[in-house]
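Structure first, then comments.
The values are calculated or read from the model by the stated rules, or taken from the named source; none is laboratory data. Computed from a prediction, not measured in an experiment: that's the story for all the values here. Methodologically, a virtual Cβ is constructed for each residue, glycine included, from the backbone with ideal geometry; neighbour enumeration extends over all protein chains shown. The area values use the complete protein model at the heavy-atom level, side chains included, leaving out ligands, DNA and RNA. Shrake-Rupley method; radii C 1.70, N 1.55, O 1.52, S 1.80 Å.
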Amino acid sequence: MTANTIAINQQMDDFDGHHSVWLFGYGSLIYKADFPYLQRQPASISGWTRRFWQGSHDHRGTPQAPGRVVTLIEQTDAICHGMAYLITPEVFAHLDHREKNGYLRLATPITFSDGRSERGLVYIAMPDNAAYLGAASEQAIARHIASSAGPSGPNADYLKLLAHALREMGQSDPHVFAIEQHLADLNHCD
Ligand code: SIN
């Protein structure tokens, strides 16, 4: 698959006449809402787990030296906590551009903290996308993040902002927090 997913995502621009759509964010979309929204609520989706397995050519790295950002990996019984936004369909033009490095919109049930559930969309970078990096040890991922930067800034900032946002929501994510700890250990060794 191409490294730019804008055209594929635009083919999904059929919102069945809905004036607003729920979007679930689990990475930078939790802490950086640079788009208009009607509502914002902590939420979760089931059957997916967050992993720093996606390469970033355009935000936290470059095509020559990609950074590492999160995607979702299918895992039975997993629950991924994040932030849901109610947005109007026009906002997807901005989001498709922002998430163009491998992320495809996927329909999913989204569960809110009061137990209510709504259908919505989530951007997921599947293993067949050209920027996918795949599994590595959390220590190796921390080293990779420590040495990467791109147009949106240091890769380490993405990790720290995500970990901070999860803590603010009262959520823990062992994968994210372990990489954050390894990164802090690396910095202490400098
Ligand atoms: C998301 O936040 O939902 C997708 C991944 C990212 O943009 O960091």
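If the only charges are +1 at each Lys and Arg Cβ and -1 at each Asp and Glu Cβ, what is the size of the charge dipole of the range 6-189 around the Cα centre, to the nearest 20 debye?
Charge dipole of the range 6-189: 340 debye, to the nearest 20.
In whole Hz, with x marking every Gly and Pro, tabulate ³J(HN,Hα) for the range 38-49 from phi via Karplus 6.51 cos²θ - 1.76 cosθ + 1.60, θ = phi - 60°.
Once θ is set to phi - 60°, the couplings for the range 38-49 become 8, 8, 9, 8, x, 7, 8, 10, 9, x, 9, 10 Hz.
Computed FRET efficiency, Cβ-Cβ of A140 and L86, R0 41 Å: what is it to the nearest 0.05?
E between A140 and L86, to the nearest 0.05, is 0.60.
Taking 41 Å as R0, compute the FRET efficiency from the Cβ-Cβ separation of S113 and A178 and round it to 0.05.
0.95
Membrane-span-like helices in the chain: DSSP H runs reaching 15 Å or more (Cα, own axis), mean Kyte hydropathy at least -0.5?
155-168, 174-189
Could you give the length gained on full extension between N187 and A33, defined as 0.36 nm per residue of separation minus the Cα-Cα distance, in nm?
52.6 nm
Multiply the residue gap between S147 and Q10 by 0.36 nm, knock off their C-alpha separation, and tell me the result in nm, one decimal place.
Contour length minus Cα-Cα distance gives 46.0 nm.
Connecting C-alpha atoms closer than 10 Å in a GNM of the chain, tell me which of R40, R105, R50 has the biggest fluctuation.
The residue with the greatest mean-square fluctuation here is R40.
Taking the C-alpha atoms of the chain, how large are the radius of gyration and the largest Cα-Cα span, Dmax, in Å?
16.0, 56
Under a point spin-label approximation (7 Å from Cα along Cα-to-Cβ), what is the S20-E168 distance to one decimal in nm?
2.2
With every protein chain left in place, what is the accessible area per residue of the chain in square angstrom, probe 1.4 Å?
For the chain, the solvent-accessible area averages 48 Å² per residue.
Over the range 6-189, what percent of the accessible surface lies on carbon and sulfur atoms, probe 1.4 Å?
Using a 1.4 Å probe with all protein chains present, the range 6-189 comes out at 53 percent carbon and sulfur.
With springs only between Cα atoms under 10 Å, which of F35, F112, F52 fluctuates most in a Gaussian network model of the chain?
F35
Only bridges with both residues in the chain count here: give the DSSP antiparallel percent, nearest 5.
Expressed as a percentage, antiparallel bridges in the chain total about 90.
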